[in-house]
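Student: What follows is a single structure, and I will ask about it in a moment.
The values are calculated or read from the model by the stated rules, or taken from the named source; none is laboratory data. As the structure is a computational prediction, the values presented were derived from the model and not from experiment. Here the Cβ is made from the backbone with ideal geometry for all residues, glycine too, and neighbour counts use every protein chain on show. These accessible areas exclude ligands, DNA and RNA; they are computed on the full protein's heavy atoms, side chains included. Shrake-Rupley method; radii C 1.70, N 1.55, O 1.52, S 1.80 Å.
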Amino acid sequence: MNVLVWINLAFGVLAVVYGAIVLRGVLRATLRWKWPTRFLACSLLACLTSLLPFTLHLAPIQQLCMVSVYCSAVAMAAWLKFHLFGIWRPVFAFSVTAVLYLDVLSGSVQLFTKSRLFATALARPFSAIHVIQFVFTVLFAVLGVLVVRKCHAEPTRSF
């Protein structure tokens, strides 16, 4: 594996840890200012390292990272511009869950496709990566629904 993949995995792991802390804060309504900043910064840096190898066509990992960047932009707008008021609180919660899912998926794809350890496992039609991706998808879909249901929209401020 080359240096960019290792950097991507390092920032991806940090993003997953910080993302779990952010989701916990959203669920408990005790979100602190520093955790979303760290989460979104690490996630964006991990995406940047995946987007750096310029190719003629976008690789699937690059497409995942572009979607993650767009979801991060929605989360940042809900958090910094609209201060999580009204409908923006559930939008932020769902966007953070989506970014966390895309970080986990990106890390697993990088690990499985770039590692020699898993090269033989990918040769089969229903390989381990497909099972793991399915489990992650179901887990994060349920988590996303729970986070949005738990995180109620506060009434908007009247001026």
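Student: Taking Cβ-Cβ under 4.7 Å as the only way to count a partner, pick out the unpartnered cysteines of the chain.
Tutor: Isolated Cys, the chain: C42, C71, C151.
Student: Related question: Have a look at A15, A46, A73 and tell me which one the Gaussian network model of the chain (Cα, springs below 10 Å) gives the largest fluctuation.
Tutor: Result: A73 has the largest fluctuation of those listed.
Student: Looking at the chain as a GNM with Cα springs under 10 Å, which of H83, H57, H130 has the largest mean-square fluctuation?
Tutor: H57
Student: State, to one decimal in nm, how far the label point of L58 lies from the label point of L143, with both points 7 Å from Cα in the Cβ direction.
Tutor: It is 2.4 nm.
Student: If you don't mind, there's one more thing I want to ask. How many percent of the alpha carbon pairs in the chain exceed a separation of 20 Å? List each step's numbers first, then the result.
Tutor: Numbers: 6427 of 12561 pairs.
For the chain, the fraction of Cα-Cα distances above 20 Å is 51 percent.
Student: Let me ask something else about it. Run the numbers on the chain and let me know its relative contact order in percent, using alpha-carbon pairs under 8 Å that are six or more apart.
Tutor: Values: 184 pairs, mean separation 43.2, N = 159.
Dividing the mean separation by the residue count of the chain yields 27 percent.
Student: How about segment 1-96: which chymotrypsin sites (Phe, Trp or Tyr not before Pro) there lie in a loop by DSSP and see at most 10 other Cβ atoms within 10 Å? If you can, show how the numbers build up before the last one.
Tutor: Working: sites: W6, F11, Y18, W33, F39, F54, Y70, W79, F82, F85, W88, F92, F94; in loops: W33, F54, F82, F85.
Qualifying residues, ordered by number: W33, F54.
Student: Using a Förster distance of 22 angstrom, determine the FRET efficiency expected from the C-beta separation of A29 and L80, and round it to 0.05. Could the numbers behind the result be given before it?
Tutor: Working: r = 19 Å, r/R0 = 0.84.
That gives a FRET efficiency of 0.75.
Student: Also, quick follow-up: Full extension from V17 to I129: what is 0.36 nm times the residue separation minus their Cα-Cα distance, to one decimal in nm? The partial results should precede the final answer.
Tutor: Working: separation 112, 0.36 × 112 = 40.32 nm, distance 2.12 nm.
My answer for the length gained is 38.2 nm.
Student: If the cut-off is a Cα-Cα distance under 25 Å, which lysines reach K81, setting aside same-chain residues fewer than 8 apart in sequence?
Tutor: The reachable lysines, counting only those whose Cα sits under 25 Å from K81, are K34, K150.
Student: Probe of 1.4 angstrom, ligands and nucleic acids ignored: what's the accessible area per residue over the chain, in square angstrom?
Tutor: Per-residue value: 61 Å².
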